[in-house]
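K.L.:
One structure is given below, represented as structure tokens, and several questions about it will come after.
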Amino acid sequence: MTDFRQRYSFLASPTWIGWFAVCILFMVVCYFLGQWQWDRRDAALDEIGTIQANYDQGPIPYSEARDIFASADEDDEWKSVELVGEYLAQDHLFARNRANSGQVGYEQVVPFREASTGDVVIISRGWLAPGSEDGSLPASNPEPPSGQAEVTVRIKPGEPEIGRDAPEGQLASIELDEIEDQVGYSVMGGAYGEMLSESPQPAEQPRGFARPSVDEGPHLGYSMQWIAFGMLSFVGWGYAARLQARSNDVAYAEEDDGELPAGIPKREVLRRARAERMRQQGRLTDEDAEDAWVDEHMAGR
């Protein structure tokens, strides 16, 4: 133990203590990055659970979902709702920068007045490909059914405001308060609907929405990787300390290398130096004593 403490006494120097503090700091940073990935995984699992619970359930009437459209909860996302009423097609808008199958286009957003209550629900009828050279307008604008229609939608919570401007008649996000400002009348402010079907069905419709993914992503693996990176910093510190101790042993041996025959490899110098130090400390093992006896008798030949 005494030999070990002496060999690694340099670890108490300010330089090595400083590097150890850096390892601790790095480990703390890696822990929080790993926790961030873990939280993202939890959020993904919650979303997957909501999809699995709601997506394939049968539609409910608007009378049961009215409170959801007024103030949506995350657990209500993807529920199917049947509405009867009419589209207010003259007030349609385009939500821009909407991805679909690797392309970026628009969603056609149309207010819908529910017949029994007079509530106006915002419905995204689907995706439209860009048509102009600069992509500033969709290629087409399919008309919704005129007159009374029966529509089945999936509930989507209103999107947050993202602080971006959009051309007139377009939206940077499906932010329901902004839509209300643009159309000039009250709309249900908690959720909107993604169209699933409508009757009567027009000859042309926007492209329907794909089923949401239930892949949780690589967050678990990333979380474990960050923790491993943090632990590896201590492994590297320990390895560097071992190399420094060996270097010190060589330096110690080279101070007394005048007593050794020329041409002895440094590995042998190191072994003999360590044996000499252990002999001085009274901790020479039987194997070391035997090696020392052989060295002593072989040197005289």
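K.L.:
First select every other residue whose beta carbon is under 14 angstrom from the beta carbon of ALA241; then total the charges, Lys and Arg +1, Asp and Glu -1.
P.N.:
Working: positive: ARG5, ARG7, ARG242, ARG246; negative: ASP249.
Result for the neighbourhood of ALA241: +3.
K.L.:
Just to confirm a number: summing +1 for Lys and Arg and -1 for Asp and Glu over residues other than GLY147 whose beta-carbon lies under 15 angstrom from that of GLY147, what do you get?
P.N.:
-4
K.L.:
At 7 Å along Cα-to-Cβ for each site, give me the label-to-label distance between GLU74 and ILE162 in nm.
P.N.:
2.0 nm
K.L.:
Also, quick follow-up: Quote to one decimal, in nm, the extra length available between THR15 and THR117 on full extension: 0.36 nm per residue of separation minus the C-alpha distance between them. All intermediate terms of the calculation are to be shown ahead of the outcome.
P.N.:
On the way: separation 102, 0.36 × 102 = 36.72 nm, distance 7.49 nm.
Between THR15 and THR117, full extension yields an extra 29.2 nm.
K.L.:
Let a ≥ b ≥ c be the square roots of the eigenvalues of the Cα gyration tensor of the range 1-130; is it rounded (a/c under 1.5), or, if not, prolate (a/b larger than b/c) or oblate? Don't skip to the end; give the middle numbers.
P.N.:
Numbers: a/c = 4.79, a/b = 3.11, b/c = 1.54.
Here the range 1-130 falls in the prolate category.
Taken together, the values in this text are just the output of simple stated rules run on the coordinates, not laboratory data. Given the structure is predicted, the values throughout are model-derived calculations rather than measurements. For neighbour counting, all protein chains shown are included, and Cβ atoms are generated from backbone atoms with ideal geometry for every residue, glycine included.
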